Structures are given as C-alpha cells and as structure tokens.
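The block underneath contains the structure these notes are about, expressed in structure tokens.
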C-alpha cells in the first residue's frame, strides 16, 4: 500500500504541474518571456522551450523502463542555451500546451505501467543508484526547478536573482 501511495503522489504532482505552469505563464506579459535578465541566464521562453524538449526524452526513458528489464540510460546533456530555432517561433502559451501534451502522454504511460515497473532499476553512468521511481521523481523535480527559475526571472528584482 505504501508503494502505491508514492506512485499515486508522484503522478498527482506531475499532473498538477501543468495547470500551475499554465496559470502563472499566462500571467506573465509576453514581452517578459524573451527578456534576458543577465547574459548568462536563460530567458523565460528558453526555460519553457527546454521543458518541452526534455519531456520528449523523459517519455522515451519511461518507455525504455516499460520495455526492458534493466535499461541502460544514456545521460542527457542539454546545450548551454536552447537553440533559438527550436521554440523561438512559438508563444509562451504554445510552449506550455506542448509541455501539457507531452505530460499527458507521460501520465498515460505511468498509469498503465505493467506490474513491477516501479520497482525496476537501471544502469545510469551518472548515478550510484537509478530506478523507475527515481526517474519519475526527477521529472517532477526538473519541472519544479525550471518553474521556480521562471518565477524568479519574472518577479525578482535584479539584485536578488542568483546564478544557479
């Protein structure tokens, strides 16, 4: 029962990230999405584009766990700054909806996993231990990291924005 609660809580949290992201991005003026606060910082738009692009990779990892007994994970190394052509033509709203479509696909996979999938482990060269539950938790934490960064870039005064 305890394991099922962890799974349920993670799935529920992943589901809730969509309306949270949709709601606060809708409140950000479109001009703010592409404003670069400092040369080394991503823009809000770049964070949104990154969130969409990584959902594709994360969906593939979920599928890998479902298909293989002990998958070997290839590390994902994002570029220093997302390529402008990957999402520049899209509005913030379009990017959020792209994120929502990929999240829906992920949720469908997570909710229909064969028995035992949540207990599977994998080989990942960057981690001492890696498994399906860790992957799902990483998806959640990755969302939250970028959503937090977006909110900081939107609302914080320059002197309070940190380099992380």
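The values are calculated or read from the model by the stated rules, or taken from the named source; none is laboratory data. Computed from a predicted model, the values in this text were never measured in an experiment. Glycine also receives a Cβ, built like all others from the backbone with ideal geometry; neighbour counts cover every protein chain displayed.
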Can you tell me which residues in region 49-72 are in contact with a strand residue (DSSP E or B) (Cβ under 9 Å, 6 or more places away or on another chain) and surrounded by 14 or more Cβ atoms within 10 Å (Cβ to Cβ)?
64, 65, 71
Selection within region 10-31 - part of a helix (DSSP H, G or I), under 19 Å from residue 91 (Cβ atoms) and at pLDDT 95 or above
18, 19, 20, 21, 22, 23, 25, 26
Test result for residue 133, in a helix (DSSP H, G or I) and at pLDDT below 95:
no
Across (1) in contact with a helix residue (DSSP H, G or I) (Cβ under 9 Å, 6 or more places away or on another chain); (2) within 25 Å of residue 4 (Cα to Cα); (3) modelled with pLDDT under 95, residue 115 clears everything bar (1)
Can you name the condition, by its number, that residue 40 falls short on among (1) touching a residue at least 12 places away in the same chain (Cβ under 8 Å); (2) closer than 27 Å to residue 7 by Cα?
(2)
